[in-house]
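Undergrad: Shown below is the structure under consideration.
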Amino acid sequence: MRAVVLAEHGEPLELRDVPEPEADPDGVVVETEACGICRSDWHAWQGHGDWVDDRVPTGQVLGHEPVGTVREVGADVETVAVGDRVVVPFSLADGTCPACRAGRQNYCEGATALGFGPEAPGAFAERFHVPAADVNAVPLPDGVSAVAAASMGCRFVTAFEALDATADAGGGDVVAVVGCGGVGLSAVQIASALGAAPVAVDVREAPLELAAETGAAATLNADAVDVPARVRERFGGADVSMDALGSAETFRTAVDSLASGGTHVQVGLTGDDDRGEVDLPVDRLVQADLTVAGSRGMPPRRYDDIFAMVAAGQVDPGALVTDRVALADVPDRLAAMSEFDTVGVEVVTEF
Ligand SMILES: [Zn+2]
Ligand SMILES: [Zn+2]
């Protein structure tokens, strides 16, 4: 079968023939229907993450935002059957460790990540394997489109968990979202659905326009205005801020926009410039009672909340999809991310 392989860090990705996966006793094999393209794929391709021992090795099949149909089921799998249409969170849990037993599968101690770990080849491929499928393969309700579901393995659930669970954003809160790529735009939509007032921040007009169309109460171009000053003037400061990109600059813009008592949630991962470390204004944290938190993924049990929001029309993950592409286009589309040339979310729908 065909798959997109990380041949060398920073060198063009390769479309190769690779062996078809077979189901482990606790796993399932899924025929890929769609898979989102994400900045995390770009980080992997660039070889980022070695500063937290998280560098993706060469030879890896990338792709971690899939939806598809189960074609083969291991003997020990109980909750998923052949023919089920499933979404798969990028963070694959073992289901057995203390974190999993505490319902924090997104922080599983035995975790691997789909499309990032050598034992978990990804879904930029005609088929992919899901280990511990009773935990990691989540059957979809009827009527969810492929492109909407392809957001639910990563960006959409990450934004939902960060705002709803980690930062407890809700009615009346002002939420400053810095960086309007896929996860940032998802956060804008979700903050609006939670009854908050999202303020979208970017340095590019096109994603800000998309943010305005999908629920932003205000948009700010960080190249044109002093974002923290403007958020304070117009809104009295943000109750919640999110750095959805991951850089010293976006982090600081987000934290400096907070009102007294506010919570920052970090979602973006850093690149070569910052290598996992940014300055923290600790005196202001003390003076203004600020909280800085991190958030990654979402426990699978919370998918029901997302499905309910989609069914009620409160959110539409598919609205952020700006392009549908073929598997062979992935190398070029990831390269476009180096120049921040992509707007919204691109999804592979042709395998
Ligand atoms: Zn992703
Ligand atoms: Zn676990």
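The values are calculated or read from the model by the stated rules, or taken from the named source; none is laboratory data. None of these values were measured; they are calculated from a predicted model. Ideal geometry is used to build each Cβ from the backbone, glycine not excepted, and the neighbour counts take in all protein chains shown. Keep in mind that these areas ignore ligands, DNA and RNA; they rest on the heavy atoms of the full protein, side chains included. Shrake-Rupley method; radii C 1.70, N 1.55, O 1.52, S 1.80 Å.
Undergrad: For the chain, modelled as a GNM with alpha-carbon contacts under 10 angstrom, which of 252, 71, 284 fluctuates the most?
TA: Judging by the Gaussian network model, the answer is 284.
Undergrad: Would you pull out the residues with amide H under 5 Å of residue 348's amide H, same chain only if 5 or more places away, H placed 1.01 Å from N?
TA: Answer set, sorted by chain and number: 35, 36, 37, 325.
Undergrad: Let me ask another. Could you please put 151, 247 in sequence from largest to smallest accessible area, using a 1.4 Å probe? Mind showing how you got there, number by number?
TA: Details: 151 5, 247 25 Å².
Putting 151, 247 in descending order of accessible area: 247, 151.
Undergrad: Skipping prolines and chain starts, which residues have an amide H placed within reach, meaning under 5 Å, of the one on residue 293, given they are 5 or more residues away or on another chain?
TA: 264, 265, 266
Undergrad: Counting alpha carbon pairs within less than 8 Å and at least 6 residues apart, what relative contact order, in whole percent, applies to the stretch 242-351?
TA: Numbers: 116 pairs, mean separation 22.4, N = 110.
The value is 20 percent.
Undergrad: Continuing with this model, one more query. Would you please state which residues of the stretch 123-164 a label at residue 288 would reach in this model, taking the label point 7 Å out along Cα→Cβ and a backbone N cut-off of under 17 Å?
TA: Within reach of a label on residue 288, which here means backbone N under 17 Å from a point 7 Å along Cα→Cβ, the stretch 123-164 contributes nothing.
Undergrad: Take the chain, connect every pair of alpha-carbon atoms lying under 10 Å apart with a spring to form a Gaussian network, then pick out the residue of 251, 307, 340 with the largest mean-square fluctuation.
TA: 340
Undergrad: Ignoring any ligand, DNA or RNA, what whole percent of the accessible area of the chain comes from carbon and sulfur when the probe is 1.4 angstrom?
TA: Details: 6190 of 14080 Å².
Roughly 44 percent, rounded to a whole number.
Undergrad: Pull out a ≥ b ≥ c, the square roots of the eigenvalues of the alpha-carbon gyration tensor of the stretch 75-182, then state rounded if a/c is under 1.5, prolate if not and a/b is larger than b/c, and oblate in the remaining case.
TA: Values: a/c = 1.77, a/b = 1.43, b/c = 1.24.
In terms of gyration-tensor shape, prolate.
Undergrad: Another question, then. Report the calculated FRET efficiency for residue 205 and residue 76 (r = Cβ-Cβ distance, R0 = 56 Å), to the nearest 0.05.
TA: On the way: r = 52 Å, r/R0 = 0.93.
So the FRET efficiency works out to roughly 0.60.
Undergrad: Positive end of the charge dipole of the stretch 293-333 (Lys, Arg +1 and Asp, Glu -1 on Cβ, about the Cα centre): tell me which of 320, 310, 293 has its Cα farthest that way.
TA: The one lying farthest along the dipole's positive direction is 293.
Undergrad: Using the crude model of +1 on Lys and Arg Cβ and -1 on Asp and Glu Cβ, and no other charge, please compute the dipole size for the chain relative to its Cα centre, in debye to 20.
TA: Values: 22 positive and 57 negative charges, 145 e Å.
Roughly 700 debye, rounded to the nearest 20.
Undergrad: I would also like to ask the following. May I ask you to evaluate 6.51 cos²θ - 1.76 cosθ + 1.60, the Karplus curve with θ = phi - 60°, for each residue of the stretch 280-294 and list the ³J(HN,Hα) values in order in whole Hz, giving x for glycine and proline?
TA: So the Karplus estimates, Gly and Pro as x, are 10, x, 5, 5, 5, 4, 5, 4, 10, 6, 8, 10, 10, 10, x Hz.
Undergrad: Compute the length gained on full extension between residue 326 and residue 314: take 0.36 nm times their separation in residues and subtract their Cα-Cα distance, giving the result in nm to one decimal.
TA: Numbers: separation 12, 0.36 × 12 = 4.32 nm, distance 2.95 nm.
Answer, rounded to one decimal: 1.4 nm.
Undergrad: Please find, in a Gaussian network model of the chain (springs between Cα atoms separated by less than 10 Å), the residue of 315, 87, 286 whose mean-square fluctuation is greatest.
TA: 286
Undergrad: Length gain on complete extension for the stretch residue 277 to residue 1, per 0.36 nm per residue less the alpha carbon to alpha carbon distance? Please list the in-between numbers first.
TA: On the way: separation 276, 0.36 × 276 = 99.36 nm, distance 4.00 nm.
Contour length minus the Cα-Cα distance gives 95.4 nm.
Undergrad: Next question, about the same structure. For the chain, give me the percentage of DSSP beta bridges that are antiparallel, rounded to the nearest 5 percent. Before the final figure, lay out the partial values.
TA: Working: 27 of 54 bridges.
Here the antiparallel bridges make up roughly 50 percent for the chain.
Undergrad: If we sort 91-104, 111-124 on the protection proxy, mean other Cβ atoms within 10 Å, highest first, what's the order?
TA: Numbers: 91-104: 17.1, 111-124: 22.9.
Ranked from most to least packed, the peptides come out as 111-124, 91-104.
Undergrad: Using a probe radius of 1.4 Å on heavy atoms only, what accessible surface per residue do you get for the chain? Whole Å² is fine.
TA: 40 Å²
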